[in-house]
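Let me begin by presenting the structure, written as structure tokens, before commenting on it.
The values are calculated or read from the model by the stated rules, or taken from the named source; none is laboratory data. All of these numbers come straight from a predicted model, not from anything done at the bench. No Cβ is skipped: glycine too gets one built from the backbone with ideal geometry, and neighbour counts run over all protein chains shown. Just the protein is used for accessible areas: all its heavy atoms, side chains included, with ligands, DNA and RNA removed. Shrake-Rupley method; radii C 1.70, N 1.55, O 1.52, S 1.80 Å.
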Amino acid sequence: MEQRSHKLSIAVATILLAAGSGVQAEESAAPDTSAWACKKCTFAQGYTSEAEIGAGWLDESSAKFGDYTGLDEDGVYVVANASGGAALESGYHIDYELLDLGLDSRAASIEGGKQGAYEFGLTYDRVPRRLSDTGETVFSGSDDLSLPGGWVRAGSTAGMTALGTSLRPVDVGYDRDRYGANGRFFLGDKWTFGLDYKRDERSGTRPRYGSFGSVSTEMLRPIDDSTDRINADVRYQGKHWFAQLGYFASIYDTKAAGFQFDNPFNAAAPGGDAGRMSLEPDNLYNEVAVSFGWFGLPWNMAVTLSAAMGQGSQETGFNPYTINPNVAVDALPFDNLDGDISVTRADLAVSARPLDRLRLRGSAAYDERDNDSRQGTFTSIVHTDLFPIVDDRVNAVYGYERTRLNGSADFDVYDDLALGVGGEWRTTDRTGSALEVSSEEVLDGWGRVQFRPSGYLGIVAKGGVEERDPDRYDVNVAAGFGQNPLMRKFNQAYRYRSYGELLTNVAIGSLPLSLGASVFYGDDSYLQSDLGLDSGLDRRYGVDLNWTVNEKIAAYATLGREKIDSRTRGSSTFTTADWAGQVQDDFETYGAGVNAQFTDKIGVNLDYSYGAGNSRTRITGAGDGIFPVVKSELSSFKAGVTYGFSERTDLRLTWWYETLKTSDWSYNAQPAAMPTVLGLGVDPYNYDVNYVTLSMSYRFGGPKATEAAAE
């Protein structure tokens, strides 16, 4: 090793001397590298694989527990996983992974290529959405929801005498399947060509309300659609610059652009026994983007510039004004919207380090959405398939232009202390149909201090203020929307925000123990709103601890808390404020875990997490009262034991225990809980489940465990 370092020093000195004198070193002066070796530069070669097979058992059915996991029905499940790959000395490699093949949340992927030449990948995964399994409905069908034979309509749910015998249980949810293929080709060390394709397919149902005047019904709307996304790019990498051209496309196609449903209530007008509702239409979006970058400039400066232009469209045909044959209507002004939206974006980012202690960053961005969709006068608006509305309506189109400027500077006062300042200026102009507020300006400024007095302690403190100043409020537009002229929408109202954050990291002496803590405070004030959101206060803190006890045992612990308070003012008489609403949300989380390898054969993993939240709502003034508290509490414990049965075989035993308790007044198990609303009767989420698995894994190819340890 000393001889190798000595040779390297001679080589470096030779190169420096040659550069300084302008004389090229002779070939004979170059060091002999034939005997050099890098023991840490070895790469795995050959074939390796691991397969796991076993069984799992779930003791209770629960849609909420099965949401995303696929574990929604009690009973036996198959545990099946596999992964592996092969690599050759020539640079070719291929890897694959199969996860949860026995569950609805399964996934599979394969990727490979040749180093420096090309890469490819194929992927598949399914996400099961299980929304509820306690609901009941009287409807049958998917896109034409019909009432059962013998159904008795009534003016309220209490008079629906056939309700009890007509209800049938339904599981609500859908599956999302994603297929993907990607590839990247390298032409030398400068050109790169990439292509990525993904297709999402969804099928199932989700809740949707449909109304007939003053009565409403909760139904299951169909989901049967697909989304194709394509990303393609070509990139050239120079010595101190790069250029990239990209293309993106999104194609949404649905076989359920609407559905029809019977009216379970007495029709308030002749012919109002059924209604029709439109859903998301087919649409298409295309975008072309370019980007350039320069680096290694004076002052260690780097500059990136990007721009994009896109076009979105949808041409799905309109539904008629109504399907009520007793309501006379005019012809539609056109058959479909001929929707057309143009998108333009431009971004510039600059970073520089003119001094060793000074870092500067800045960016400018322009974003425009231009809605060129067709507009027309609709002269026969019909209210919920019951009766016509006298006023004519012109369909609204909305767009905006937004400009953003960001900047920051950080200065190292000395090695342990750094100061930073920064801010953002943003302006938004809303275009298209008139809105109450046509434009707004946001100004945000902050300061930051970073202090690290030793290798064991680090502190970061940041604080700032933000002001959103809207343009003049147009009372006439508000009146056209039937809005109280004193009302201000929270996303368009004047807002003053102050915030602060403190981050701390501590290493306990020479122990392998680290502690991190964070505190955040945010205060929003809507000082110019007579009605609407008045204030918001957000406080949160968190602590996390990591402890490497020794080479075989590691542990962690976390805790967090967040409290959000908001206050709203309203009017029950369409004049000045006569009531106030207060909402208090409180959340807390805890977690702990241990990863231990007690012996060469026995390993144990333990993880516990707890989360609880509650929301309290109080009304004071007109109509005062207190809403029931909304609560949720989740406890989850996972334990796993691995036993090394042989050098290639492991036995695994896992236990997952989870319990969820919720109390939510907006859920009611009775479909007829309200006289004018026929619901699905979904219970609040509550479950207490155990999921146990026993499996065996076997490793193929590659070195045995003893050989790997020796290496």
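Listed values for the range 95-110 are Karplus-derived 3J(HN,Hα) couplings in whole Hz (6.51 cos²θ - 1.76 cosθ + 1.60, θ = phi - 60°), namely 9, 9, 8, 10, 10, 6, 5, x, 10, 6, 9, 6, 8, 8, 8, 9, and x replaces Gly and Pro. For a modelled paramagnetic label at Val76, 7 Å from Cα along Cα-to-Cβ, the residues of the range 48-62 in reach, with backbone nitrogen under 11 Å, are 55-57. Please say if the chain is rounded, prolate or oblate, where rounded means a/c under 1.5 for a ≥ b ≥ c the square roots of the C-alpha gyration tensor eigenvalues, and otherwise the choice is prolate for a/b larger than b/c and oblate otherwise? In terms of gyration-tensor shape, prolate. When all protein chains stay in place and ligands, DNA and RNA are ignored, the 1.4 Å accessible-area order of Asp224, Asp565, largest first, is Asp224, Asp565.
To the nearest 0.05, how large is the calculated FRET efficiency for Phe334 and Asp143 if R₀ is 25 Å and r is the Cβ-Cβ distance? FRET efficiency, Phe334 to Asp143: 0.55. The calculated FRET efficiency for Arg353 paired with Met674, based on their beta-carbon distance and R0 = 56 Å, is about 0.30.
Amide H contacts of Arg221 (H built 1.01 Å from N, in plane; Pro and chain starts excluded): Arg206, Arg208 sit under 5 Å, all sequence-distant by 5 or more or on other chains. Solvent exposure of the range 132-262 amounts to 49 Å² per residue of accessible area, where only protein heavy atoms count and the probe is 1.4 Å. Taken per residue, the accessible surface of the range 555-674 reaches 58 Å², heavy atoms only and a 1.4 Å probe.
Scanning residues 5 or more positions from Asn263 or on other chains, those with amide H under 5 Å from its amide H are Ala274, Gly275, with H placed 1.01 Å from N in the peptide plane. An oblate overall shape is assigned to the range 592-683, the ratio a/c of its alpha-carbon gyration tensor axes (a ≥ b ≥ c) being 1.5 or greater and a/b not exceeding b/c. Using a probe radius of 1.4 angstrom, the carbon and sulfur fraction of the accessible surface of the chain is 57%.
Label-to-label distance for Asp372 and Asp177 is 3.8 nm, based on points extended 7 Å past Cα in the beta-carbon direction.
One chain, two ends: Leu122 and Gln528. Fully extended at 0.36 nm per residue, the span grows by 140.7 nm beyond their Cα-Cα distance. Taking 0.36 nm per residue of separation and subtracting the current Cα-Cα distance, fully stretching the chain between Leu297 and Gln115 would add 62.4 nm. With each label modelled as a point 7 angstrom along the Cα→C-beta vector, the Asp189-Arg153 pair spans 7.8 nm.
For the range 578-644, trypsin sites (Lys or Arg not before Pro) meeting the loop criterion (DSSP other than H, G, I, E, B) and having at most 13 other Cβ atoms within 10 Å: Lys601. Length gained on full extension, Asp429 to Asn326, computed as 0.36 nm times the residue gap minus the Cα-Cα distance: 32.6 nm.
For the chain, the relative contact order is 8 percent, taking Cα pairs closer than 8 Å that sit 6 or more residues apart in sequence and dividing their mean separation by the residue count. The modelled label-to-label distance between Phe520 and Ile508, using points 7 Å beyond Cα along the C-beta direction, is 2.7 nm.
When the GluC sites (Glu not before Pro) in the range 53-113 are filtered for DSSP coil states and for at most 10 other beta-carbon atoms within 10 Å of their beta-carbon, the remaining sites are Glu89.
The phi-based Karplus calculation (6.51 cos²θ - 1.76 cosθ + 1.60; θ = phi - 60°) puts the 3J(HN,Hα) values of the range 583-593 at 10, 10, 10, 9, 10, 9, 9, 9, x, 7, x Hz, whole numbers, x for Gly and Pro.
In debye, nearest 20: dipole of the range 445-554 around its Cα centre with unit charges on the Cβ of K, R (+) and D, E (-)? Rounded to the nearest 20 debye, it is 300 debye.
Annotation: amide H of Phe490 within the under-5 Å range of Leu533, sequence separation 5 or more or interchain, hydrogens built in the peptide plane. Of the residues Arg488, Arg497, the one with the largest accessible area comes first in the ranking Arg497, Arg488, computed with a 1.4 Å probe on protein heavy atoms.
Karplus-derived 3J(HN,Hα) values for the range 398-407, using 6.51 cos²θ - 1.76 cosθ + 1.60 with θ = phi - 60°, are 10, x, 6, 10, 10, 10, 10, 10, 10, x Hz; glycine and proline are entered as x. Taking a point 7 Å out from the Cα of Glu50 in the direction of its Cβ, the residues of the range 632-666 whose backbone N falls within less than 14 Å of it are 641-653. Dipole magnitude for the chain: about 1340 debye, using +1 per Lys or Arg Cβ and -1 per Asp or Glu Cβ, origin at the Cα centre.
Looking at the range 342-380, the trypsin sites (Lys or Arg not before Pro) that sit in a DSSP loop and have at most 14 other Cβ atoms within 10 Å of their own Cβ are Arg357, Arg374.
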